[in-house]
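Chemist: There's a structure below that I have some questions on.
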Amino acid sequence: HTHDRHVLLHSDIVRERSAMASTRSKVLALYKDIMRRARIWEGKGNTAESEYIVSEARKLFRKNKDIEDNSLIAEKIEEGESRVELAEHYGNPYPRMYYAQPGVIYKSGNRARKKINPNYMHSYYDEDEFK
């Protein structure tokens, strides 16, 4: 039975490492895609916007580099992909404001903003702000 338990533990470790490698490759692919798009953006004559894309990506990837929770990493990847799609769609790399019913944010405070905060804006607010 000890051998069977060892095999099970080993397979769990292998599976976990495989998932981490897969997540790491997704993160790196997203980073490379953002940097490639920044170069293309600059090629269109938008140097200031290109510099913003590069500095924003570096800042947010560094901010999130120590996250180990796979579900939170998946959320951050989704956030990055959403920002890329919005930038391409609107031709504007800056964050898009979201609509909230007038007065909702100010009457209810920061907790309400978090509830209506779309996934592409999560990194703009420090989590401590909502406690």
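The values are calculated or read from the model by the stated rules, or taken from the named source; none is laboratory data. Given the structure is predicted, the values throughout are model-derived calculations rather than measurements. Because the Cβ atoms are built from the backbone with ideal geometry, glycine has one as well, and the counts that use them run over all protein chains shown. Protein only, heavy atoms only, side chains kept; ligands, DNA and RNA dropped before computing areas. Shrake-Rupley method; radii C 1.70, N 1.55, O 1.52, S 1.80 Å.
Condition check ((1) out of contact with any His (no Cβ under 6 Å at 6 or more places or on another chain); (2) open to solvent by less than 70 Å² (accessible area, probe 1.4 Å); (3) at positive phi) across all residues:
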{"site": "Thr47", "(1), (2), (3)": "yes, yes, no"}
{"site": "Val54", "(1), (2), (3)": "yes, yes, no"}
{"site": "Lys59", "(1), (2), (3)": "yes, no, no"}
{"site": "Ile73", "(1), (2), (3)": "yes, yes, no"}
{"site": "Lys76", "(1), (2), (3)": "yes, yes, no"}
{"site": "Glu79", "(1), (2), (3)": "no, yes, no"}
{"site": "Ser82", "(1), (2), (3)": "yes, yes, no"}
{"site": "Ala87", "(1), (2), (3)": "yes, yes, no"}
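Chemist: Can you name every residue in the stretch 31-59 that is within 18 Å of Lys76 (Cβ to Cβ) and in contact (Cβ under 8 Å) with a residue 24 or more places away in the chain?
Modeler: Tyr31, Asp33, Ile34, Arg37, Ile53, Glu56, Ala57
Chemist: Six or more apart or on different chains, Cβ atoms under 6 Å: show the pairs whose first residue is in the stretch 78-98 and at pLDDT 90 or above and whose second is small (Gly, Ala, Ser) and in a loop (DSSP other than H, G, I, E, B).
Modeler: none
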